[in-house]
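Asker: Before I ask anything, here is the structure I am working with.
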Amino acid sequence: MDLDRYLTTHRPEWDRLRELTSKVNSSSSKLPRSELDEFVALHHRVSAQLSFVRGFYADPGLVTELNALVAGSNAELYRRTSSTRSAFRRFFSISFPGAVWHIRKAVFVSFLALAVPWAATAIWLGNDAEALDLAIDEETRNALVERDFEEYYSSSAAEEFAVKVLVNNIQVSFLAYALGVTFGLGTLFILAFNGFNVGASHGVFIAAGAQGTFFGLITPHGLLELSAVIIAGAAGLSMGWALVRPGDRTRARAFGIEGRRSIAVIIGLILAFIVAGFIEGFITPGLPLWPRIGVGVSIWLAFVTYIVVFGKRAALAGFTGLITETEERAAASVN
């Protein structure tokens, strides 16, 4: 295509981007959603055209014009997203819950991968004395029920214990997430392994007729903590599934998209782990049974409600949890 025809074809787009950039700059209120989406789309299109013009035409005047146009639209696009406080609000109101909601099917699979081994192991060991004897010796079982399990939560200063729990949970979750690169098989292994471990302890308490003690100690922090581990596992599974079934995308592209979305999930879960660590370090050993269970259940219900409400809202607004997508469309808030 000769330069004159290229100018005739694309000049209306450049004029329109210039017009929208001016409107974004001067607008004291939010622009209509349609114009914001058009502005973002034109910014990217003209950016691509600038690269093409540089390599194909090498016309200094046109390059200068498009460079100024792209620089101006880029400044307006990210000027509206530069506030740290605004970015933080957008992340926790759109990106994180939107990402979790987008992978909700993987969350269900992740839940089954942890819950089924837990339930199977607990029921088996709790009701089969011979299997329980082979798995865990009687002295260890008695110590666990009578002393070790409860003393674990007061084994060190609350602050130190909370940090220790936080670090451990983040390590487990990051491992479950990172092993998504193994087509999700490593993630399934980590989830099942943790399910077996919790199930073995649960089985000991079932056999001893002390399930109340078990749930009284694990429920306050465990609901939120295990939910976060399950969601981290779901992030890994979504990346693994992208490798198995990339659809009409290349495997590299599909994996990259899911990987970027999963980053939002993992970053958001850090706050959940901080809260769970605080509960495990300060609430579980410091409050009577029912108050601490009430605190744990209430916080877990608030977390689930937050994910469902804000996740659905983000999805209805067209967000899928990619941080870049949220920042580029920041003005099109779902609030």
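Asker: Take the residues in the range 36-67 that are small (G, A, S) and within 36 Å of the chain's Cα centre (by Cα); name whichever of them is farthest from R18 (Cα to Cα).
Answerer: Filtering the range 36-67 down to residues small (G, A, S) leaves 41, 47-48, 51, 55, 58, 61.
Adding the requirement that they be within 36 Å of the chain's Cα centre (by Cα) leaves 41, 47-48, 51.
Numbers: A41: 13, S47: 13, A48: 16, S51: 18 Å.
Only one residue fits best here, namely S51.
Asker: Would you say A135 is under 20 Å from the mean Cα position of the chain (by Cα) and either of a type in the set (S, T, N, Q) or surrounded by 15 or more Cβ atoms within 10 Å (Cβ to Cβ) (or both)?
Answerer: Details: under 20 Å from the mean Cα position of the chain (by Cα): no; either of a type in the set (S, T, N, Q) or surrounded by 15 or more Cβ atoms within 10 Å (Cβ to Cβ) (or both): yes.
Here the answer is no, as A135 does not meet what is asked.
Asker: I would also like to ask the following. Out of everything in the range 76-85 that is farther than 17 Å from V40 by Cβ and among the polar types (S, T, N, Q), what residue ends up being modelled with the lowest pLDDT?
Answerer: Taking the range 76-85 as the starting set, the residues that turn out to be farther than 17 Å from V40 by Cβ are 83-85.
Now drop any that are not among the polar types (S, T, N, Q), which leaves 83-84.
Values: S83: 56, T84: 60.
So the residue we want is S83.
Asker: Just checking, which of R54, R5, R45 is of a type in the set (K, R) and under 25 Å from F319 (Cβ atoms)?
Answerer: One residue alone meets the criteria, R45.
Asker: Yes or no: S22 loosely packed, with under 12 Cβ neighbours inside 10 Å, assigned to a helix (DSSP H, G or I) and either touching a Pro at 6+ places or on another chain (Cβ under 7 Å) or not assigned by TED's automatic domain parsing to the domain that holds A317 (or both)?
Answerer: Spelling it out, it is not the case that S22 is loosely packed, with under 12 Cβ neighbours inside 10 Å, assigned to a helix (DSSP H, G or I) and either touching a Pro at 6+ places or on another chain (Cβ under 7 Å) or not assigned by TED's automatic domain parsing to the domain that holds A317 (or both).
Asker: Something else about it: Restricting to the range 244-267, name every residue that is touching a helix residue (DSSP H, G or I) at 6+ places or on another chain (Cβ under 6 Å) and either buried (at least 17 other Cβ atoms within 10 Å of the Cβ) or within 16 Å of R104 (Cα to Cα) (or both). Working first, answer last.
Answerer: Filtering the range 244-267 down to residues touching a helix residue (DSSP H, G or I) at 6+ places or on another chain (Cβ under 6 Å) leaves 246, 251, 254-255, 258-259, 261-262, 264-266.
Once the filter is applied, which keeps residues that are touching a helix residue (DSSP H, G or I) at 6+ places or on another chain (Cβ under 6 Å) and either buried (at least 17 other Cβ atoms within 10 Å of the Cβ) or within 16 Å of R104 (Cα to Cα) (or both), the range 244-267 yields A254, F255, E258, G259, R261, S262, A264, V265, I266.
Asker: Go through (1) under 26 Å from A178 (Cβ atoms); (2) surrounded by fewer than 22 Cβ atoms within 10 Å (Cβ to Cβ) for W290 and report which single condition fails.
Answerer: (1)
Asker: Now a separate question. Could you go through the range 291-313 and let me know if any residue there is closer than 20 Å to D37 by Cβ, outside the structural domain of E76 (by TED's automatic domain parsing) and at pLDDT 90 or above. Can you show your working first?
Answerer: The initial filter retains those residues of the range 291-313 that are closer than 20 Å to D37 by Cβ, namely 313.
Within this subset, residues satisfying the condition of being outside the structural domain of E76 (by TED's automatic domain parsing) are 313.
The next check asks that each one be at pLDDT 90 or above; those that pass are 313.
Taking every residue of the range 291-313 in turn, at least one turns out to be closer than 20 Å to D37 by Cβ, outside the structural domain of E76 (by TED's automatic domain parsing) and at pLDDT 90 or above.
The values are calculated or read from the model by the stated rules, or taken from the named source; none is laboratory data. Predicted model, so just to flag it, every value in this text is computed and none were measured. Backbone-built Cβ (ideal geometry, glycine too); neighbour counts: all protein chains shown.
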